[in-house]
Protein chains: 2
Amino acid sequence: MTLKVYAHRLSQPARAVIVFCKVNSIDFEEVMVDFTTGQTLSPEFKEINPMGQVPAIVDGRFRLFESHAILSYLATAFPGVPDHWYPADLFTRAKIHSILDWHHSNLRRGAMPFVINSALGPAAGPVLGGPLNPQAANEVEKILRASLSKIESLWLKGNAKFLLGNFKPSIADLSLVCEIMQLEVLDEKDRERVLGPYPKILQWIENVKSATNPHFDDVHGILHKVKARLQSRLESTKNSAFDLRMKPNSKL
Amino acid sequence: MTLKVYAHRLSQPARAVIVFCKVNSIDFEEVMVDFTTGQTLSPEFKEINPMGQVPAIVDGRFRLFESHAILSYLATAFPGVPDHWYPADLFTRAKIHSILDWHHSNLRRGAMPFVINSALGPAAGPVLGGPLNPQAANEVEKILRASLSKIESLWLKGNAKFLLGNFKPSIADLSLVCEIMQLEVLDEKDRERVLGPYPKILQWIENVKSATNPHFDDVHGILHKVKARLQSRLESTKNSAFDLRMKPNSKL
């Protein structure tokens with residue numbers, strides 16, 4: 001039975017899992033679960049992931065959620081995946097775990113609410129697209145900037161192409177870059193204001209893209225569509241309802 | 001060279017690492033870094049952990065931070081550690097990663113700010129002990145309760161002694177129970193109000209204690225001392241400064 005990946009491409013951890021499968025030629029079916037309409041909270045989906053979030057996978061009888069856990073599982077379960085994604089070496093693997101753990105309470109805690117409050121609009125009911133909240137955005141921008149500074153100064157030291165000075169990407173590179181890519185939906189000036197001070201991060205994003213294209217750009221295509229819709233919303237009224245619904249690839 | 005564990009016993013992830021080392025007879029030196037006086041932000045400690053947090057370890061030339069990464073590293077690096085702590089089995093290990101990832105954005109996001117805002121007092125400068133914030137405590141109590149409900153209904157189903165229906169504890173049991181133990185500093189009524197509705201969680205805490213004692217109780221002794229100090233603060237004035245400083249075990 002083919003691996004099923006329950007995802008929505010607007011979700012940054014879901015994109016990381018999809019890109020990972022594509023780059024590593026893992027045979028999988030992408031099942032779109034539309035969190036923008038509350039489909040992740042349906043009883044059918046809660047059978048797959050009781051936490052009601054994407055991504056989640058079903059591999060035969062095995063069900064798993066949380067993107068970092070999924071990435072390390074896939075890297076181990078599918079023997080064709082090159083070692084650099086999740087190195088068997090004890091020390092390198094421990095450092096990758098450390099970055100991924102840090103990600104939860106730092107980069108994600110900054111980037112996700114920043115994008116929601118400054119561009120997508122916070123949840124109105126179970127659905128995103130409510131009025132923007134510049135004050136909340138300012139608060140979390142501090143966490144986002146502090147996180148970007150740490151990545152720039154600690155994990156991209158010297159001329160490293162990837163985190164930890166590695167020559168090839170790991171699941172930590174993919175996960176963190178997919179998070180930062182969420183800033184693509186911002187107005188160009190805003191994105192430049194936030195990311196501009198971090199030249200190494202900008203180069204690292206390009207390195208991860210090069211190492212995973214054409215899949216990376218394909219999977220991130222949704223962000224350009226969302227950005228275009230956000231622009232047209234801005235041109236009408238800042239507080240109008242915003243429809244994030246996408247055409248499903250496959251039914252739940 | 002002996003493993004060094006940089007910790008403070010008031011930190012729940014630091015306690016998890018210390019209990020783990022003691023239970024598994026890992027030879028280590030506990031180095032107290034007093035985050036209550038801002039010592040975690042000192043240049044000396046930032047050489048150990050540039051993120052300025054405990055726990056962190058130094059094992060020979062290898063440095064690592066983030067408690068979950070440390071626990072899985074120790075379980076792998078020290079051959080005497082029984083398999084149940086971090087099972088080699090692909091599927092069980094993936095589920096443990098999933099719980100630990102979930103912990104960051106759920107149980108921890110609820111428990112830590114709840115205890116800070118309802119008992120310890122939020123940071124005043126770099127140091128805890130400022131005026132309590134009942135409104136903030138109410139907000140995060142919702143996250144805490146939702147997290148406890150998920151643990152009770154999903155991972156402690158049936159008559160399981162430990163998470164995932166296991167017969168012996170894993171690093172996920174230890175990490176999550178140490179988090180919940182932070183509620184020990186609350187007034188008894190408050191703790192009962194929050195934890196009372198979850199009988200399986202109460203039993204699970206006892207199971208983890210039994211499996212790791214006398215070390216568990218020894219390492220958690222600090223919470224009783226802090227609770228006593230909090231009680232005397234409550235008897236004087238709710239908003240007086242609160243001194244959390246402890247006598248160091250060993251110097252940085």
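Structure summary
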read-out	value
Some residue of region B:94-104 being of a type in the set (Gly, Ala, Ser), open to solvent by 20 Å² or more (accessible area, probe 1.4 Å), more than 17 Å from B:Val19 (Cβ to Cβ) and modelled with pLDDT of 95 or more	no
Test: residue in region B:222-240 that is modelled with pLDDT of 95 or more and in the same structural domain as B:Asp101 (by TED's automatic domain parsing)	yes
Residue satisfying all of: in region B:51-80; in contact (Cβ under 8 Å) with a residue 24 or more places away in the chain, under 20 Å from B:Val33 (Cα atoms) and small (Gly, Ala, Ser); surrounded by the fewest Cβ atoms within 10 Å (Cβ to Cβ) among these	B:Gly60
Unmet requirement for B:Val58, which otherwise passes all of (1) in the same structural domain as B:Asn24 (by TED's automatic domain parsing); (2) closer than 30 Å to B:Gly165 by Cα	(2)
Residue within region A:73-82 that is closer than 22 Å to A:Ala94 by Cβ, modelled with pLDDT of 95 or more and touching a Pro at 6+ places or on another chain (Cβ under 7 Å) present	no
Selection from region B:164-181 of residues that are hydrophobic (A, V, I, L, M, F, W, C) and open to solvent by less than 40 Å² (accessible area, probe 1.4 Å)	B:Ile171, B:Ala172, B:Leu174, B:Leu176, B:Val177, B:Cys178, B:Ile180, B:Met181
Residue match in region A:25-45 (condition: in contact (Cβ under 8 Å) with a residue 40 or more places away in the chain and under 14 Å from A:Ser175 (Cβ atoms))	no
Some residue of region A:31-50 being modelled with pLDDT of 95 or more, of a type in the set (Val, Ile, Thr), open to solvent by 10 Å² or more (accessible area, probe 1.4 Å) and in contact with a helix residue (DSSP H, G or I) (Cβ under 7 Å, 6 or more places away or on another chain)	no
Residue within region A:90-112 that is touching a Lys or Arg at 6+ places or on another chain (Cβ under 8 Å) and assigned to a loop (DSSP other than H, G, I, E, B) present	yes
Residues being open to solvent by 20 Å² or more (accessible area, probe 1.4 Å) and not in a helix (DSSP H, G or I) - total across region A:7-23	1
Matching residues in region B:81-92 - criterion: being at the interface with chain A (Cβ under 8 Å from one of its Cβ atoms) and either in contact (Cβ under 8 Å) with a residue 60 or more places away in the chain or out of contact with any helix residue (DSSP H, G or I) (no Cβ under 7 Å at 6 or more places or on another chain) (or both)	B:Phe91
Residues being closer than 13 Å to A:Cys178 by Cβ and either touching a Lys or Arg at 6+ places or on another chain (Cβ under 6 Å) or outside the structural domain of A:Lys168 (by TED's automatic domain parsing) (or both) - total across region A:204-218	2
Cβ-Cβ under 7 Å pairs, at least 6 apart or on other chains, region B:132-161 side under 18 Å from B:Pro113 (Cβ atoms), far side open to solvent by 70 Å² or more (accessible area, probe 1.4 Å) and in a helix (DSSP H, G or I)	B:Ile143/B:Arg109
Any hit, region A:5-24, residues being touching a Cys at 6+ places or on another chain (Cβ under 8 Å), outside the structural domain of A:Pro169 (by TED's automatic domain parsing) and charged (D, E, K, R)	yes
Some residue of region A:59-80 being within 14 Å of chain B (Cβ to nearest Cβ) and at positive phi	yes
Single unsatisfied condition, B:Leu132 versus (1) within 14 Å of chain A (Cβ to nearest Cβ); (2) not in a helix (DSSP H, G or I)	(1)
Positions within region B:182-199 being open to solvent by 10 Å² or more (accessible area, probe 1.4 Å), at pLDDT 95 or above and not aromatic (Phe, Trp, Tyr), in sequence order	B:Gln182, B:Glu184, B:Arg191, B:Glu192, B:Arg193, B:Gly196, B:Pro197, B:Pro199
Residue that is farthest from the other protein chains (Cβ to nearest Cβ) [pool: residues in region A:149-163 that are outside any helix (DSSP H, G or I) and open to solvent by less than 10 Å² (accessible area, probe 1.4 Å)]	A:Phe162
Hits in region B:129-148 - residues which are open to solvent by less than 50 Å² (accessible area, probe 1.4 Å) and of a type in the set (S, T, N, Q)	B:Ser147
First in region A:102-114 and farther than 21 Å from B:Ala56 by Cβ, second anywhere and of a type in the set (S, T, N, Q), Cβ under 6 Å, 6 or more apart	A:Gly110/A:Ser147; A:Ala111/A:Gln182
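The values are calculated or read from the model by the stated rules, or taken from the named source; none is laboratory data. Since this is a predicted model, take the numbers as computed values, not measurements. Counting neighbours? That spans all protein chains shown, and the Cβs are built from the backbone with ideal geometry, glycine included. These accessible areas exclude ligands, DNA and RNA; they are computed on the full protein's heavy atoms, side chains included. Shrake-Rupley method; radii C 1.70, N 1.55, O 1.52, S 1.80 Å.
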